[in-house]
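Structure record follows, encoded as structure tokens.
The values are calculated or read from the model by the stated rules, or taken from the named source; none is laboratory data. From a predicted model like this one, the values you see are computed outputs, not experimental measurements. Counting neighbours? That spans all protein chains shown, and the Cβs are built from the backbone with ideal geometry, glycine included.
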Amino acid sequence: MADIGTTKRVVITGMGIVCPLGNEVEDFWQAVLAGKSGVAGTTIFDASTFPTTFDAEVKDYDYREFTSKPELHKDSDRGSAFVIGATAQACRQAGIDLETDEPSDGIDRRRMGIYLGAGEGSVDNDVFFSSLVQAWDVEKNEMDWAKWAEAAIGRMNPMYELEQEPNMPAAHIAVLTRARGPARSCLTACAASTQAVGEAMMLIRRGDADVMIAGGAHSMIHPLGLTGFNRLTALSTRNDSPETASRPFTASRDGFVLGEGAAVLILESLASAKRRGVPILAEVIGYGSSSDAFRVTDMHEEGRGAIQAMTAAMADAGISYREVDYINTHGTSTAENDLIETKAIRAVFKDRAKEVPASSVKSMLGHLIGAAGAAELITCVLAIRDNIVPPTINLNDPDPNLDLDYVPNRARELPVNVAMNESFGFGGQNNVVIIKRCEGD
């Protein structure tokens, strides 16, 4: 456990989100509490012949509304574009000046860093694939790279290729905010943004930064992304009813729904927040991380990695399982994840396992991949603020083997002082963050 007397306390002072349920935090939260689904037919490209013809897309979004210098972010990948809006919102709430070399917010930009969980961006698909077709030598059954150069060079936008790099969303944040402190990215699949928040907290604790912009951004809604997950049989194929396709913890669950978006939280030392006089939304008190060391596609059958991460987060926070009021589960709606996550919660929470509300907002959001954990952590902050926990929608046929309190279909009012957020990623990555209501000095 971290000695709270010798380390810096870390608080949350701002939040922003761009996601399938809304492009502002309050819009998102009201949709969650109402149990709305952000899932519908795919519109980004023609997916009519794919096994899955639906997803959870960001709608009605224009990053130019969030910056006075849109030319600095032109040709952004979708993930990078989303994170501009999420960051601008979070900074606004935290009282951080944007796009100025002489900020009046009391933050030394050399002490403000970035930690983002993000994935690879999408390529310039139309030019890339048309060039492949033109350069394929049918007779030799191989690529003619001379023809490729002729077909592609001069046509492909170099910025699109640069935007494939997973650090590009963090780079856009730096341009937007003038943050000059540590700038880091992690690419740990579905656990990435929870890892980013946890490690950003650690940077502040040990004095490497006063403020960290942390979260995630991702979009894999493109032909390659959809093909890959379909080939893994990880996606729901409930094409007749997209809005009910994400149904964690049900007997009829058949896979997750691919989503996209960005979520950002401003983490700050308690001393910095008090000095600046900004409202504190919650305190980050624990972080645990582990690897399953099992398989690259499957969780360990008994959830050993998840158990280890949850246990480590509680030890770091200096609390017991009896003090957790709400669990925001990873809850993907796949047969494997929901069963193993339930086993892990049973093992960690023992006699309280069936008492602690444990819901999945992926039932509404879909799976935001690299942005999922941060988006779900925002729901934890709001649950603490409003003393209400979000539901797991579409839970109409409970799996008899899954016996926890998944908050079926309706949000529930109850006291929430401590919340745990869980994220588990391909490759056996497990990350857990614990937050609490911030009280006292």
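When both residues are 6+ apart or on different chains and their Cβ atoms are under 7 Å apart, which pairs have a first residue that lies in the stretch 36-50 and is under 17 Å from residue 227 (Cβ atoms), and a second that is in a strand (DSSP E or B) and at pLDDT 95 or above?
Partner pairs satisfying both residue conditions: 42/54; 42/55.
May I ask you to list the residues in the stretch 223-235 that are without any contact (Cβ under 8 Å) to a residue 60 or more places away in the chain and more than 20 Å from the chain's Cα centre (by Cα)?
If the condition is that a residue be without any contact (Cβ under 8 Å) to a residue 60 or more places away in the chain and more than 20 Å from the chain's Cα centre (by Cα), then 231, 233 are the ones that fit.
What do you reckon, is residue 363 of a type in the set (Gly, Ala, Ser) and either surrounded by fewer than 24 Cβ atoms within 10 Å (Cβ to Cβ) or assigned to a loop (DSSP other than H, G, I, E, B) (or both)?
On the way: of a type in the set (Gly, Ala, Ser): yes; either surrounded by fewer than 24 Cβ atoms within 10 Å (Cβ to Cβ) or assigned to a loop (DSSP other than H, G, I, E, B) (or both): no.
So residue 363 does not fit the description; no.
Which is over 29 Å from residue 15 (Cα atoms), of a type in the set (Ser, Thr, Tyr) and either in a helix (DSSP H, G or I) or assigned by TED's automatic domain parsing to the domain that holds residue 269 (or both), of 237, 194? Steps first, please.
Details: 194 fails: over 29 Å from residue 15 (Cα atoms).
After applying the criteria, what remains is 237.
Within the stretch 274-313, can you find the residues that are of a type in the set (A, V, I, L, M) and over 21 Å from the mean Cα position of the chain (by Cα)? If you could, list the steps in order and put the result at the bottom.
Filtering the stretch 274-313 down to residues of a type in the set (A, V, I, L, M) leaves 278, 280-282, 284-285, 293, 296, 299, 306-307, 309-310, 312-313.
Result: 278, 280, 293.
Is it the case that residue 273 is over 20 Å from residue 165 (Cβ atoms), in contact with a strand residue (DSSP E or B) (Cβ under 6 Å, 6 or more places away or on another chain) and assigned to a helix (DSSP H, G or I)? So that I can check it myself, show each step before the final result.
Details: over 20 Å from residue 165 (Cβ atoms): yes; in contact with a strand residue (DSSP E or B) (Cβ under 6 Å, 6 or more places away or on another chain): yes; assigned to a helix (DSSP H, G or I): yes.
Criteria met by residue 273.
Report, by residue number, each residue of the stretch 249-266 that is hydroxyl-bearing (Ser, Thr, Tyr) and assigned to a loop (DSSP other than H, G, I, E, B).
Selection gives 252 alone.
So which of 75, 97 ends up being surrounded by fewer than 14 Cβ atoms within 10 Å (Cβ to Cβ), assigned by TED's automatic domain parsing to the domain that holds residue 369 and more than 20 Å from the chain's Cα centre (by Cα)?
On the way: 97 fails: surrounded by fewer than 14 Cβ atoms within 10 Å (Cβ to Cβ).
Selected residue: 75, the only one of 75, 97 that is surrounded by fewer than 14 Cβ atoms within 10 Å (Cβ to Cβ), assigned by TED's automatic domain parsing to the domain that holds residue 369 and more than 20 Å from the chain's Cα centre (by Cα).
Taking the stretch 172-195 only, how many residues are under 9 Å from residue 114 (Cα atoms) and among the hydrophobic types (A, V, I, L, M, F, W, C)?
Just the residues of the stretch 172-195 that are under 9 Å from residue 114 (Cα atoms), to begin with: 173-174, 179-185.
Okay, now just the ones that are also among the hydrophobic types (A, V, I, L, M, F, W, C), so 173-174, 179, 183.
So the answer is 4.
With the requirement that a residue be buried (at least 24 other Cβ atoms within 10 Å of the Cβ) and either on the phi > 0 side of the Ramachandran plot or in a helix (DSSP H, G or I) (or both), what does the stretch 283-304 give you?
303
Return yes when residue 84 is out of contact with any helix residue (DSSP H, G or I) (no Cβ under 8 Å at 6 or more places or on another chain) and not acidic (Asp, Glu) and no when it is not.
On the way: out of contact with any helix residue (DSSP H, G or I) (no Cβ under 8 Å at 6 or more places or on another chain): no; not acidic (Asp, Glu): yes.
For residue 84, the condition - out of contact with any helix residue (DSSP H, G or I) (no Cβ under 8 Å at 6 or more places or on another chain) and not acidic (Asp, Glu) - is not met.
Taking the condition of being charged (D, E, K, R) and either touching a helix residue (DSSP H, G or I) at 6+ places or on another chain (Cβ under 6 Å) or in a loop (DSSP other than H, G, I, E, B) (or both), how many residues in the stretch 323-349 meet it?
Just the residues of the stretch 323-349 that are charged (D, E, K, R), to begin with: 323, 325, 336, 338, 341, 343, 346.
Filter once more, keeping what is either touching a helix residue (DSSP H, G or I) at 6+ places or on another chain (Cβ under 6 Å) or in a loop (DSSP other than H, G, I, E, B) (or both): 325.
Residues in the stretch 323-349 being charged (D, E, K, R) and either touching a helix residue (DSSP H, G or I) at 6+ places or on another chain (Cβ under 6 Å) or in a loop (DSSP other than H, G, I, E, B) (or both): 1 in total.
Are any residues in the stretch 104-126 at pLDDT below 80 and either touching a Pro at 6+ places or on another chain (Cβ under 8 Å) or surrounded by 16 or more Cβ atoms within 10 Å (Cβ to Cβ) (or both), and if so, which ones? Show your work before the answer.
Just the residues of the stretch 104-126 that are at pLDDT below 80, to begin with: 119-126.
Residues satisfying the conditions are 119, 120, 121, 122, 123, 124, 125.
How many of the residues in the stretch 200-216 are within 20 Å of the chain's Cα centre (by Cα), among the hydrophobic types (A, V, I, L, M, F, W, C) and crowded, with 24+ Cβ neighbours inside 10 Å? Talk me through it step by step, then tell me what you get.
Quick first cut of the stretch 200-216, residues within 20 Å of the chain's Cα centre (by Cα) only: 200-203, 211-216.
Okay, now just the ones that are also among the hydrophobic types (A, V, I, L, M, F, W, C), so 200-203, 211-214.
The next check asks that each one be crowded, with 24+ Cβ neighbours inside 10 Å; those that pass are 200-201, 211-214.
Residues in the stretch 200-216 being within 20 Å of the chain's Cα centre (by Cα), among the hydrophobic types (A, V, I, L, M, F, W, C) and crowded, with 24+ Cβ neighbours inside 10 Å: 6 in total.
Check off (1) closer than 20 Å to residue 74 by Cα; (2) assigned to a loop (DSSP other than H, G, I, E, B); (3) modelled with pLDDT of 90 or more for residue 172 and give me the number that stays unchecked.
Residue 172 satisfies every listed condition except (2).
Of all residues in the stretch 51-86 being over 17 Å from residue 226 (Cβ atoms) and among the aliphatic types (A, V, I, L, M), which is modelled with the lowest pLDDT? Quick ask: steps written out before the conclusion?
Going through the stretch 51-86, the residues over 17 Å from residue 226 (Cβ atoms) turn out to be 59-76, 80-86.
If we keep only those that are among the aliphatic types (A, V, I, L, M) too, we end up with 72, 81, 83-84, 86.
Values: 72: 87, 81: 93, 83: 96, 84: 96, 86: 98.
Across the stretch 51-86, the extreme among qualifying residues is 72.
So, in the stretch 16-45, of the ones that are within 22 Å of residue 116 (Cα to Cα) and assigned to a strand (DSSP E or B), which residue ends up farthest from the chain's Cα centre (by Cα)?
If we take residues in the stretch 16-45 being within 22 Å of residue 116 (Cα to Cα) and assigned to a strand (DSSP E or B), then 22 is farthest from the chain's Cα centre (by Cα).
Condition check ((1) in contact (Cβ under 8 Å) with a residue 24 or more places away in the chain; (2) buried (at least 23 other Cβ atoms within 10 Å of the Cβ); (3) within 17 Å of residue 41 (Cβ to Cβ)) across all residues:
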| residue | (1), (2), (3) |
| --- | --- |
| 198 | yes, yes, no |
| 218 | yes, yes, no |
| 221 | yes, yes, yes |
| 237 | yes, no, yes |
| 242 | yes, no, yes |
| 248 | yes, yes, no |
| 256 | yes, yes, yes |
| 268 | yes, yes, no |
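Among the residues of the stretch 305-338, write down those that are of a type in the set (A, V, I, L, M), surrounded by 18 or more Cβ atoms within 10 Å (Cβ to Cβ) and under 22 Å from residue 398 (Cβ atoms).
Of everything in the stretch 305-338, those that are of a type in the set (A, V, I, L, M), surrounded by 18 or more Cβ atoms within 10 Å (Cβ to Cβ) and under 22 Å from residue 398 (Cβ atoms) turn out to be 306, 327.
Among the residues of the stretch 387-403, which ones are closer than 18 Å to residue 33 by Cα and in contact (Cβ under 8 Å) with a residue 40 or more places away in the chain? Spell out the reasoning first.
First pass over the stretch 387-403, keeping only residues closer than 18 Å to residue 33 by Cα: 387-396.
Those that are closer than 18 Å to residue 33 by Cα and in contact (Cβ under 8 Å) with a residue 40 or more places away in the chain: 388, 389, 390, 391, 392, 393, 394, 395, 396.
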